Amino acid sequence: MNNVKTTERLTRKERSLIWRRFYNSYGVAGGYDVLSAPNFVWGLEPLFEKYYDNDKKCEELLKHYEFFNTENIFGSLIYGIVTAMEEQKALGNNIDDEMIRSTKLSLMGPMAGIGDALNPGLIIPLLLSIAITLSNGGSLLGVVFYAVAYNAVVITISKLLFENGYRLGMDAISTLIGEKATRIKDSLMLLGTVIMGGISANYISINLGVSVPSGNDLVSLQSILDGVFPKLLPLLLVLGCWQLMSRKNISVVKMIFILMIGVFVLALCGILG
C-alpha cells in the first residue's frame, strides 16, 4: 500500500477542498516553462497530505510541477480524473506515474478546445446579450445580472465536471479524445457562431447618411440596402473585424480604437448618419 497513512477514500469535503484550490488558484502563479503547474501542485496538496508523510508528499507534488495548460472551467474534468487516479495509486491499485502524466497531457488539448468554444464562444455572449437588454436606459441591472449569472454558471459547471471526472476516472478518457472530441468541439463552435450572429444582427446598428438620386428625388442608400439585404453593413463590419483580428493579429484594444477613429471620421464626412 506504499506505506500510506490511511486507506480511507477521499471524503466529499476533501474533494470539495481540492476542487476549490484548483478553481481559485488558476492563473495566480505560473511561468512560461510550466504555465499552470503551480495550480496543479497546490490543488493536489490536500490529497498527498492525507496519504503520505511529508517527504513522500513533497516527492509526489514535484511530479506535477511540469507544463500544463488548458481551459480552466471545463478543464476541471481533468482535475477530477487525476485526483481519482492519484487516490487509487496511493491506495495500491495498478496506477503508475506515467499513466497519470499521459492522461493529463492527452486531455489538455481536447478540454481546451471544448472550453474555448463553450466559454467565450457561447456562455459569455449569451449572458452578455441578456445583460445588454437589461441595461437599456442606463440600468445597473444588466451589470449585476452578468456578474452573478456568469459566476454561478461557470462555478456550477466546474464543480460538476470535477465530480464527474473523479467518479468516472479513466472511463471518461475515451469520450474526450479522438474523433468524439473533435465533433463536440465543432458542434459547440457552430452553436457559438450562430449566437454571435444573432447578437450582431440585433445590437450592431449602422445607418448611412448618403442619398442617391432617383428621378427628381433623393433616396437614402441605407433604405436601398435594407430592401436588398437587411443588416448587410453590420455583417460586413463583424466579418471585417474578425479578419483583422485573426489574420493581422490585431488585439481587441487596438480594434476598439480603430472602430472609434473610423466612426468619427465617417460621421465627420457625412457618410454615417
* Collect the residues in the range 25-47 that are closer than 11 Å to ASN69 by Cα, assigned to a helix (DSSP H, G or I) and of a type in the set (A, V, I, L, M), keeping them in residue-number order. => ALA37
* To do: Check the range 73-92 and report whether any residue there is at pLDDT 85 or above and of a type in the set (Asp, Glu).
  => yes
* Asked: Among the listed residues VAL253, VAL263, which satisfies the condition of being within 29 Å of ALA131 (Cβ to Cβ), modelled with pLDDT under 85, open to solvent by 50 Å² or more (accessible area, probe 1.4 Å) and assigned to a helix (DSSP H, G or I)?
  -> VAL253
* Just need a number here: residues in the range 232-270 that are more than 24 Å from the chain's Cα centre (by Cα), within 24 Å of GLY197 (Cβ to Cβ) and in contact (Cβ under 8 Å) with a residue 12 or more places away in the chain. => 6
* Qualifying residue in the range 5-16 (condition: open to solvent by less than 20 Å² (accessible area, probe 1.4 Å) and of a type in the set (Asp, Glu)) -> no
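Return a yes/no flag: does the range 38-48 have any residue that is polar (S, T, N, Q) and surrounded by fewer than 22 Cβ atoms within 10 Å (Cβ to Cβ).
Looking for residues that are polar (S, T, N, Q) and surrounded by fewer than 22 Cβ atoms within 10 Å (Cβ to Cβ), one finds none in the range 38-48, hence no.
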* Asked: If you go through the range 141-169, how many residues are of a type in the set (Val, Ile, Thr) and either touching a strand residue (DSSP E or B) at 6+ places or on another chain (Cβ under 7 Å) or under 13 Å from SER16 (Cα atoms) (or both)?
  -> 2
* **Any chance ASP171 is open to solvent by 60 Å² or more (accessible area, probe 1.4 Å) and modelled with pLDDT under 80** => yes
* To do: Scan the range 112-132 and give yes if some residue there is under 25 Å from TRP42 (Cα atoms), aliphatic (A, V, I, L, M) and in a helix (DSSP H, G or I), otherwise no.
  => yes
* Asked: Hey, among LEU105, LEU122, which residue is in contact with a strand residue (DSSP E or B) (Cβ under 9 Å, 6 or more places away or on another chain) and either open to solvent by less than 60 Å² (accessible area, probe 1.4 Å) or at pLDDT below 85 (or both)?
  -> LEU105
* Asked: Taking PHE22, is it touching a residue at least 60 places away in the same chain (Cβ under 8 Å) and either under 23 Å from the mean Cα position of the chain (by Cα) or open to solvent by less than 50 Å² (accessible area, probe 1.4 Å) (or both)?
  -> yes
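The values are calculated or read from the model by the stated rules, or taken from the named source; none is laboratory data. Just so you know, these numbers come straight off a predicted model, no measurement behind them. Backbone-built Cβ (ideal geometry, glycine too); neighbour counts: all protein chains shown. Just so you know, the surface numbers come from the protein's heavy atoms only, side chains and all, with ligands and any DNA or RNA stripped out. Shrake-Rupley method; radii C 1.70, N 1.55, O 1.52, S 1.80 Å.
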